[in-house]
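Read through the structure below, which is laid out as structure tokens, and then see the notes.
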Amino acid sequence: MHRLLIKNCTKATFFNDGYNAVNLLQGVDILIEDHQIVRIDRGLDEKEAKEVIDATGKLVFPGLNNGYSRCLGSRISRMMAEDWNYERFDHTPLYAKIYPLLNLALEQLNDIQLETILELAVYEAANSGTTMLMEYCSPREVPIFLKLCKKYGIRAIVFPALMSRKKWPVVDGWGDYDLELGDTDEDQLLSWNERMVKETKGSLQSVAVGTGTLESTSLGLLSKAAKLARDQNTFLMTGINETRHERDTCQKRYKKTPVQAMEEAGALGKNTLLAGNVFTDHEERLLMRKYEAKAVVSPLESMLDARITPFIGFLIDDVPTFCGSGRCTQDMFRQMHALALNGKIESKSRSQMCAHDAFYAATVGVGKALELPLGQIEEGFLADIVIADIQKPEHIPFTMPVNEIVYSLQASDISDVIVDGQIIKRDGKLLHHEPNKLIEHAGKVLEILWQHARDQGEI
């Protein structure tokens, strides 16, 4: 039995269903036994634990959950697509830059090279206090990603994007889209996904069921994937309404909006996670609420595309909604900050969207959506915990802990990270990982990829 004691901390956490129900306590101790928080009190005896973290002058809060990460895409296109005019490509670099580079990486790089690039994203996540990644990726990336998350000790749920085609959809320089379906063995993909779910169920790093968007996935595959998720009692993630083009393609192909098409395929339910959602409208949100489906939004991604995600609309329509990074950084502090700003602009009100809402969407909101004891520092919850050093000039005076987390904290402030009761970052350093070697190796692999991209005119 492993016992870990966090001594004399300032604790910030939610303690019930309310967005504003934040529990703040100073000078408390937290006792962790194996995977779980077992006691929170003052004056706990250090002799009760095998390991002790002195958190005097530090802020302790729940580990941050990334509800929709796309690690490979976030690294290979980093800063390449920002600030350019993509008006002729639906105002987004997704089809003209991100997907072409993703397809090229999957074609040209071997598994070791892919692992090196993916590790950059996993390192960033763990180092910045993200304790769970819900990764949406190609089937080929799944075993590589599981291996990396196990290496770093980070919690993960991986959703393979099963598609009715072999490549991500792209657009050429003339604005013509490649959207043909039908060149994959859908049953073989589903059989593989089922096997991966069974092999990893109950593990810290597990596989669920996922499909591509409705411009790259047939209703038949979507329907079978939804049945597989129900049969295996796991979650189904599908990307919807991330771009106007995806929405228009679905309406042209199926004469329905994406959420309506999901309903027709029998793919809406309480185990359904719908990611993207920039163009999900009120009627679709009501349909999601009817079937108890959950929404994931990526505010930084949409704001970079000069668009606002209707997060407040989801809250008003009573759809459980949480936050993910999409193709952007895995640092959830930046995502929470963007979510708060997104909500203020959406509502045109300073007070309509506050730090508490963003903090909730990255912590307990995910736990509730997954029906897991995650996202709170309370007795009986899983021990995913972040400790931040707030004794720095930029954090003084320290008056509003949740506001500080959302608007001010950075990865460099994180001294310790605990996942499932195990320390993965101590005194400002990830354990057993050397960033300089990672940077060197990844730089070489990325240059290989970019040279392929130059040769093919992609960059």
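The values are calculated or read from the model by the stated rules, or taken from the named source; none is laboratory data. Only a predicted model underlies this, so the values are computations on that prediction, with no experimental measurement involved. Neighbour counts are summed over all protein chains in view; Cβ atoms, including those assigned to glycine, are modelled from backbone coordinates with ideal geometry.
Count of segment 29-60 residues, restricted to those that are closer than 20 Å to Asp427 by Cα and not charged (D, E, K, R), is 11.
Taking Ala275 as the residue in question, decide whether it is under 22 Å from the mean Cα position of the chain (by Cα), farther than 21 Å from Ser164 by Cβ and crowded, with 24+ Cβ neighbours inside 10 Å. Answer is no for this residue. Taking segment 143-198 as the range and being within 25 Å of Ala383 (Cβ to Cβ) and surrounded by 18 or more Cβ atoms within 10 Å (Cβ to Cβ) as the test, the residues that pass are Phe145, Leu146, Leu148, Cys149, Tyr152, Gly153, Ile154, Arg155, Ala156, Ile157, Val158, Phe159. Filtered by the rule that a residue be crowded, with 23+ Cβ neighbours inside 10 Å, among the charged types (D, E, K, R) and outside any strand (DSSP E or B), segment 286-322 gives a lone residue, Glu301. Hey, Thr243 hits all of (1) at pLDDT below 95; (2) out of contact with any Asp or Glu (no Cβ under 7 Å at 6 or more places or on another chain); (3) β-branched (Val, Ile, Thr) but one; which does it fall short on? Of everything listed in (1) at pLDDT below 95; (2) out of contact with any Asp or Glu (no Cβ under 7 Å at 6 or more places or on another chain); (3) β-branched (Val, Ile, Thr), Thr243 misses just condition (2). In segment 78-107, the qualifying residues are those that are outside any helix (DSSP H, G or I) and over 21 Å from Arg244 (Cα atoms), and the one that is farthest from the chain's Cα centre (by Cα) is Met80. Give the residues of segment 139-157 that are in contact with a Cys (Cβ under 7 Å, 6 or more places away or on another chain) and under 27 Å from Leu181 (Cβ atoms), sorted by residue number. Passing the criteria: only Phe145. Residues in segment 1-40 that are acidic (Asp, Glu) and more than 22 Å from Ile390 (Cβ to Cβ) were compared, and the one that is modelled with the highest pLDDT is Glu33. Within segment 371-410, the residues that satisfy the criterion of being within 13 Å of Thr13 (Cβ to Cβ) and in a loop (DSSP other than H, G, I, E, B) are Pro373, Leu374, Gly375, Gln376, Ile377, Glu378, Glu379, Gly380, Phe381, Ala383, Asp384. If you check Lys368, Lys425 for being assigned to a strand (DSSP E or B), of a type outside the set (A, V, I, L, M, F, W, C) and either surrounded by 14 or more Cβ atoms within 10 Å (Cβ to Cβ) or at positive phi (or both), only one passes: Lys425. Checking each residue in segment 158-202 for being touching a residue at least 60 places away in the same chain (Cβ under 8 Å) and either part of a loop (DSSP other than H, G, I, E, B) or within 18 Å of Leu106 (Cα to Cα) (or both) picks out Phe159, Ala161, Leu162, Lys167, Trp168, Pro169, Val170, Val171, Gly175, Leu179. Does Ile40 satisfy the condition of being within 29 Å of Gly367 (Cβ to Cβ), surrounded by 21 or more Cβ atoms within 10 Å (Cβ to Cβ) and touching a strand residue (DSSP E or B) at 6+ places or on another chain (Cβ under 6 Å)? Here the answer is no, as Ile40 does not meet what is asked. Note on segment 250-269: residues that are of a type in the set (Val, Ile, Thr) and over 13 Å from Phe279 (Cα atoms) total 0.
Cβ separations smaller than 6 Å between residues 6+ apart or across chains give the following pairs from segment 376-401 residues that are in contact (Cβ under 8 Å) with a residue 40 or more places away in the chain to residues that are hydroxyl-bearing (Ser, Thr, Tyr) and not in a helix (DSSP H, G or I): Gln376/Thr13; Ile377/Thr13; Asp384/Thr131; Ile387/Ser415; Asp389/Ser415. Among the residues of segment 351-365, those identified as aliphatic (A, V, I, L, M) and either in a loop (DSSP other than H, G, I, E, B) or within 17 Å of the chain's Cα centre (by Cα) (or both) are Met353, Ala358, Ala361, Ala362, Val364.
Conditions tested, residue by residue: (1) modelled with pLDDT under 95; (2) surrounded by 13 or more Cβ atoms within 10 Å (Cβ to Cβ).
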site: Val419; (1), (2): no, yes
site: Leu431; (1), (2): yes, yes
site: Lys437; (1), (2): yes, no
site: Ala442; (1), (2): yes, yes
site: Ala453; (1), (2): yes, yes
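Criterion applied to Ser351, Ser347 was being in contact with a helix residue (DSSP H, G or I) (Cβ under 6 Å, 6 or more places away or on another chain), surrounded by fewer than 20 Cβ atoms within 10 Å (Cβ to Cβ) and at pLDDT below 95, and the one residue passing it is Ser347. Looking across Ile424, Ile377, Ile396, Ile387, one residue alone is within 24 Å of Gly57 (Cβ to Cβ) and in contact with an Asp or Glu (Cβ under 6 Å, 6 or more places away or on another chain). It is Ile387.
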